[in-house]
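The values are calculated or read from the model by the stated rules, or taken from the named source; none is laboratory data. Only a predicted model underlies this, so the values are computations on that prediction, with no experimental measurement involved. When we count neighbours, we look across all protein chains shown, and the Cβ atoms used for this are built from the backbone with ideal geometry, even at glycine. Ligands, DNA and RNA are excluded from the accessible area calculation, which covers all protein heavy atoms including side chains. Shrake-Rupley method; radii C 1.70, N 1.55, O 1.52, S 1.80 Å.
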Amino acid sequence: SAAPARMQGWFVDSLVKVFPQTRPLADTARVPEFVVARNAHLSIQLAVRSASDLAEVTGRVEPPRSPDGATIDDAVLRQVGYVVVGSNTGEVPASELVGEAPGWYPDVLLPLPAALKAGRTQSFWVTIHVPAAAAPGVYRGRIRLEAGGRTLVARPFRVKVVAATVPEARSLRVTNWFRSGDRDSRQFFGAPLFSDTWWKLHANVAAFMRDHRQNTILTPIGQL
């Protein structure tokens with residue numbers, strides 16, 4: 001069915017933060033093309049803004065398909081969750097700040113369904129893994145958001161797969177700092193130290209690193 005009037009959806013570069021007050025782009029009808037190597041992960045961000053409150057918003061990614069019928073099936077759609085940031089980093093020029101604090105900042109990726117608030121922009125995030133054996137070429141897909149059996153937004157996109165392939169072994173070293181002590185786990189995750197939720201949290205972190213093939217040494221900092 002057709003999208004309801006006054007429901008807007010537009011693509012935003014995945015490196016750009018989308019805030020609740022972010023206004024729609026002027027050109028919301030363009031079909032973006034994302035260039036990606038084989039065996040790489042592609043991030044796509046879709047922002048939407050509704051004129052009315054909507055509950056139980058679900059969605060799906062129609063797998064990108066090549067002209068010969070090949071598809072890229074490993075695609076995950078999630079909503080972007082927002083957290084309160086109490087203050088901006090000190091001694092940073094105003095021209096370099098991406099947003100004002102205190103305020104809501106995009107942070108965590110959450111499963112669907114989502115709830116949309118009237119006049120409040122909400123971001124959705126798609127992660128696509130391109131198989132190493134994928135044939136180079138242009139694949140066409142679509143992101144579809146729905147509520148109550150009705151289509152809210154259906155936005156097409158293109159994925160241009162190039163012949164280059166990301167190798168299985170990676171040599172780039174990255175340090176990620178995080179705290180896993182009782183105080184921080186309770187505050188940010190509602191997970192007391194060594195509780196079932198605490199172990200699930202760490203299992204999720206380890207699974208994410210495994211999925212992205214990170215050779216990682218975990219050194220939790222906290223009250224162990």
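Of everything listed in (1) more than 21 Å from Phe208 (Cα to Cα); (2) free of Cβ contacts under 8 Å to residues at least 40 places away in the same chain; (3) within 19 Å of the chain's Cα centre (by Cα), the single unmet condition for Glu91 is (3).
If only one of Thr121, Thr151 is in contact with a Phe, Trp or Tyr (Cβ under 9 Å, 6 or more places away or on another chain) and either surrounded by 14 or more Cβ atoms within 10 Å (Cβ to Cβ) or closer than 20 Å to Gly69 by Cβ (or both), which one is it? Unique residue meeting the criteria: Thr121.
Yes or no, residue by residue, for (1) surrounded by 13 or more Cβ atoms within 10 Å (Cβ to Cβ); (2) aromatic (Phe, Trp, Tyr); (3) at positive phi; (4) modelled with pLDDT under 95:
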{"residue": "Pro67", "(1), (2), (3), (4)": "no, no, no, no"}
{"residue": "Val85", "(1), (2), (3), (4)": "yes, no, no, yes"}
{"residue": "Asn88", "(1), (2), (3), (4)": "yes, no, no, yes"}
{"residue": "Pro93", "(1), (2), (3), (4)": "no, no, no, yes"}
{"residue": "Trp104", "(1), (2), (3), (4)": "yes, yes, no, yes"}
{"residue": "Leu112", "(1), (2), (3), (4)": "yes, no, no, no"}
{"residue": "His129", "(1), (2), (3), (4)": "yes, no, no, no"}
{"residue": "Arg142", "(1), (2), (3), (4)": "yes, no, no, no"}
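Answer yes or no as to whether Val85 is under 23 Å from Thr127 (Cα atoms) and of a type in the set (A, V, I, L, M, F, W, C). Against the criterion (under 23 Å from Thr127 (Cα atoms) and of a type in the set (A, V, I, L, M, F, W, C)), Val85 does not qualify.
Within region 95-112, the set of residues being of a type outside the set (A, V, I, L, M) and either assigned to a strand (DSSP E or B) or under 22 Å from the mean Cα position of the chain (by Cα) (or both) comprises Gly99, Glu100, Gly103, Trp104, Tyr105, Pro106, Asp107, Pro111. Is there a residue being at pLDDT 75 or above, open to solvent by 60 Å² or more (accessible area, probe 1.4 Å) and small (Gly, Ala, Ser) anywhere in region 167-176? Yes, some residue in region 167-176 is at pLDDT 75 or above, open to solvent by 60 Å² or more (accessible area, probe 1.4 Å) and small (Gly, Ala, Ser). Pairs, please: C-beta under 8 Å, at least 6 apart or cross-chain, first residue more than 30 Å from Ala169 (Cβ to Cβ) and free of Cβ contacts under 8 Å to residues at least 24 places away in the same chain and in region 184-212, second open to solvent by less than 100 Å² (accessible area, probe 1.4 Å) and of a type in the set (Gly, Ala, Ser)? Note: pairs meeting the criteria are Ala191/Ser185; Pro192/Ser185; Thr197/Gly190; Thr197/Ala191; Trp198/Ser180; Trp198/Ser185; Trp198/Ala191.
Conditions tested, residue by residue: (1) touching a strand residue (DSSP E or B) at 6+ places or on another chain (Cβ under 9 Å); (2) free of Cβ contacts under 8 Å to residues at least 24 places away in the same chain.
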position	(1), (2)
Gly69	no, yes
Pro102	yes, yes
Pro111	yes, no
Leu116	yes, no
Ala133	yes, no
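Here is the figure for region 18-48: residues that are of a type in the set (D, E, K, R) and modelled with pLDDT of 95 or more total 2.
Would you check if there is a residue in region 37-55 being more than 21 Å from Tyr105 (Cβ to Cβ), crowded, with 19+ Cβ neighbours inside 10 Å and hydrophobic (A, V, I, L, M, F, W, C)? The answer is yes; a qualifying residue exists.
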